[in-house]
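Below you'll find the structure, written out as structure tokens, and then a few comments.
The values are calculated or read from the model by the stated rules, or taken from the named source; none is laboratory data. Here the structure is a predicted model, which is why all the values come from computation and not from measurement. Here the Cβ positions follow ideal geometry from the backbone for every residue, glycine too, while neighbour counts run over all protein chains shown.
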Amino acid sequence: MSQSFYITTAISYPNGKPHIGHAYEAIASDALARYHRLAGDDVYFQTGTDEHGLKMAQTARNRDIEPIALADEMSSHFKTMDDVYNISYDRFIRTTEAEHYKASQALWKTLADAGHIYLGRYEGWYSIRDEAFYKEEELVTDSKGEKLSPQGTPVEWNVEESWFFRLSAFQDKLLAYYEAHPDFIQPEARRNEVISFVKSGLADLSISRTSFDWGIPVPDSPGHVMYVWIDALTNYLTGAGYPDNKERFDRYWPADIHVIGKDIIRFHAVYWPAFLMAADIALPKKVFGHGFLLNRGEKMSKSVGNVVDPIDMAKLYGVDQIRYFLLREVTFGQDGSYSHEAIVNRINADLANDFGNLAQRSLSIITKNGAKVPSPEDTRAEDQALMEKIAGIPHQVATAMNNVAPNQALDAIWRGVGEANLYISEQAPWTVRKTDPVRADTILYWTIEAVRQLAILCRWAMPASCDALLDLLGQGADQRDFRALSAPLVPGLPLPKPVGVFPRFVENDKNNSEKAAK
Ligand code: ME8
């Protein structure tokens, strides 16, 4: 039986269209999901939209539409973005689905029956934009003397009857859990931040609202809807079949990794494990808080006008080009910056010059000489040396991906691309062919065998482009996962006419502005 691997992204608020930060999280999670599928795991990958709460209700009111109409409209943009970027989700969940209501209410009842919930009165600060409660001492004051949340968003004083979760009872249990499971929260900086937050003291958490009704009704408590985060976090259980589908639940729960942004680490690494402990449900194995994507080093914001539409970016640069750029350029877990120059540099240097040219140079000679996989009849030590280097890469990729470091995995693959380029330049099959065609065929064979392995190794990063390369090498759909790494190309296999897989990005090409405008 293959090992199960359940991976989730955060579910986004569909109160506006997705931006490139949302695409980034989806791409990184997709890379991990695809990697595990290639490695033979039984992967379940869930993403979706978080449709309740005050932020959604207010945005809908401002537009004079029903919240569900807003959710339907915007959720479809998130789904389209995922589809454009080849995000291989197994389920796109929406928290307005009936099945999710059932799971959220079941979790609530479990918490209530176990005595972890009580009715009280909430008085305190609330940020609608963060959908979060804050302690007085956490707030900051801006230059106008206005109080703001630690994330810099406006807060308002809130007083209402509310159900409370006894979060304070979990302080020691959480700290003990973090201590016993050092990999539960990653990266290290996020773990330290969470530990110091929990050590500073946990107040009970208000988990229902009475001042609006756009949420999941609290069981047996008319007038109360669940606090949006209780409902949102439960999506991870809904996807695993909670509460009724025991077989599915046993197969996929606990989740292997929740991939989220650093701004929502507290909800995932404090509240969520506390709810699960209280309900006697196993905790997810890992919460990974990635960094923020910055536009030329600046935070994206509608008022600065630097919010970039991920679909326009895909049209301008290419889907796999953006996927590769984000996965390679940003150290996963840290903030990352993007700019036109940096993207173009990666496209032209790494993709067009390095990987693309390697395939193009070797395949174009082969096409002119019979268009078949050549025979390695004169294999020498230098060929074996290249293949040994390539053979070391899967292990390096596995180590990196198990450490949630896709950038390091790509570094390892590109070291292989570099070795293969060095090899073909030194062996110069175009010159050797004039005097020794058997040796030239051998060099070309090992070059395209290296291309084949490298393409399989980075299919999780650039699925469409790597598949296009494998098409050029005549490889079938069942010859593209990691098991196929050890089944070398068969000499004599007919090959199609090569086409460029990684085009250069040409500045001021009039096609670019047309592409972006489409
Ligand atoms: O927080 N760079 O939704 P959301 C990278 N509904 N990631 C970014 C980013 C940026 N510039 N901006 C946002 C929510 N994100 C909740 C989640 S989960 C049970 C509920 C990330 O639409 C952000 O950190 O505000 C989060 O992981 C995701 O995008 C959705 O953010």
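Only residues in segment 49-64 that are farther than 22 Å from Arg91 by Cα count as the first member; pair them with residues that are charged (D, E, K, R) and more than 10 Å from the ligand (Cβ to nearest atom), Cβ under 8 angstrom, at least 6 apart or cross-chain, and list the lot.
Listed pairs, sorted by first residue: Leu54/Arg209; Ala60/Glu66.
List the residue pairs whose Cβ atoms are under 6 Å apart, where the first residue sits in segment 464-489 and is over 16 Å from Pro503 (Cβ atoms), the second is in a helix (DSSP H, G or I) and of a type in the set (S, T, N, Q), and the two are 6 or more positions apart or on different chains.
Cβ pairs passing all conditions: Leu485/Gln453.
Which of the following residues is crowded, with 18+ Cβ neighbours inside 10 Å and closer than 30 Å to Asp172 by Cβ: Phe325, Phe288, Phe249?
Values: Phe325 fails: closer than 30 Å to Asp172 by Cβ; Phe249 fails: crowded, with 18+ Cβ neighbours inside 10 Å.
Just one listed residue meets the conditions, Phe288.
Where residues in segment 275-301 are in contact with an Asp or Glu (Cβ under 8 Å, 6 or more places away or on another chain) and more than 18 Å from Ala23 (Cβ to Cβ), which of them is farthest from the ligand (Cβ to nearest atom)?
Of segment 275-301, the ones in contact with an Asp or Glu (Cβ under 8 Å, 6 or more places away or on another chain) are 284-286, 290-294.
Pick out the ones that are also more than 18 Å from Ala23 (Cβ to Cβ) and you get 284-286.
On the way: Pro284: 12, Lys285: 17, Lys286: 15 Å.
Residue satisfying both the conditions and the ranking: Lys285.
Is one or more of the residues making up segment 490-511 of a type in the set (A, V, I, L, M, F, W, C), under 22 Å from Met387 (Cβ atoms), touching a Lys or Arg at 6+ places or on another chain (Cβ under 9 Å) and in a helix (DSSP H, G or I)?
No; the residues of segment 490-511 include none that is of a type in the set (A, V, I, L, M, F, W, C), under 22 Å from Met387 (Cβ atoms), touching a Lys or Arg at 6+ places or on another chain (Cβ under 9 Å) and in a helix (DSSP H, G or I).
Whether any residue in segment 151-167 is at pLDDT below 95, farther than 21 Å from Ile265 by Cβ and polar (S, T, N, Q) is what I want to check.
Within segment 151-167 (the criterion being at pLDDT below 95, farther than 21 Å from Ile265 by Cβ and polar (S, T, N, Q)), the answer is yes, since at least one residue qualifies.
In segment 207-317, which helices (runs of 4 or more DSSP H) lie fully inside it and hold 1 or more residues that are at pLDDT 95 or above, of a type in the set (Gly, Ala, Ser) and under 27 Å from Ile117 (Cβ atoms)? Working first, answer last.
Numbers: elements: 228-239, 246-252, 272-278, 310-317.
Result: 228-239, 272-278.
I'm trying to understand the selection: among the residues of segment 430-447, which are buried (at least 24 other Cβ atoms within 10 Å of the Cβ) and either within 30 Å of Ala33 (Cβ to Cβ) or not polar (S, T, N, Q) (or both)? Walk me through it before giving the result.
Just the residues of segment 430-447 that are buried (at least 24 other Cβ atoms within 10 Å of the Cβ), to begin with: 441, 443-447.
Scanning segment 430-447 gives Asp441, Ile443, Leu444, Tyr445, Trp446.
Considering only helices (runs of 4 or more DSSP H) fully contained in segment 7-100, which possess at least 1 residues that are within 11 Å of the ligand (Cβ to nearest atom) and under 19 Å from the mean Cα position of the chain (by Cα)? If you could, list the steps in order and put the result at the bottom.
On the way: elements: 20-38, 54-63, 67-84.
Ranges flagged: 20-38, 67-84.
Can you find a residue that is surrounded by 13 or more Cβ atoms within 10 Å (Cβ to Cβ) and under 25 Å from the mean Cα position of the chain (by Cα) anywhere in segment 502-509? If you could, list the steps in order and put the result at the bottom.
First, pick out the residues of segment 502-509 that are surrounded by 13 or more Cβ atoms within 10 Å (Cβ to Cβ): 502-505.
After this cut, where a residue has to be under 25 Å from the mean Cα position of the chain (by Cα) as well, the list is 502.
For segment 502-509, residues surrounded by 13 or more Cβ atoms within 10 Å (Cβ to Cβ) and under 25 Å from the mean Cα position of the chain (by Cα): present.
Out of Trp253, Trp272, Trp214, I need the residue that is without any contact (Cβ under 8 Å) to a residue 40 or more places away in the chain and either under 25 Å from Glu97 (Cα atoms) or away from the ligand (no atom under 11 Å from the Cβ) (or both). Which one?
Values: Trp253 fails: without any contact (Cβ under 8 Å) to a residue 40 or more places away in the chain; Trp214 fails: without any contact (Cβ under 8 Å) to a residue 40 or more places away in the chain.
One residue alone meets the criteria, Trp272.
All but one of (1) in contact (Cβ under 8 Å) with a residue 24 or more places away in the chain; (2) more than 15 Å from the ligand (Cβ to nearest atom); (3) touching a Phe, Trp or Tyr at 6+ places or on another chain (Cβ under 8 Å) hold for Arg121; which doesn't?
(3)
Condition first: assigned to a loop (DSSP other than H, G, I, E, B) and buried (at least 16 other Cβ atoms within 10 Å of the Cβ). Now tell me which residues in segment 151-177 satisfy that.
If we filter segment 151-177 for residues that are assigned to a loop (DSSP other than H, G, I, E, B), which is where we start, we get 151-153, 155, 166.
Across segment 151-177, the qualifying residues are Val155, Arg166.
Given the condition at positive phi, at pLDDT 95 or above and of a type outside the set (A, V, I, L, M, F, W, C), answer yes or no: does some residue in segment 320-335 qualify? Before the answer, list the steps.
Within segment 320-335, the subset at positive phi is 333.
When the remaining residues are screened for being at pLDDT 95 or above, the result is 333.
From what is left, the residues that are of a type outside the set (A, V, I, L, M, F, W, C) are 333.
Yes: segment 320-335 contains one or more residues that are at positive phi, at pLDDT 95 or above and of a type outside the set (A, V, I, L, M, F, W, C).
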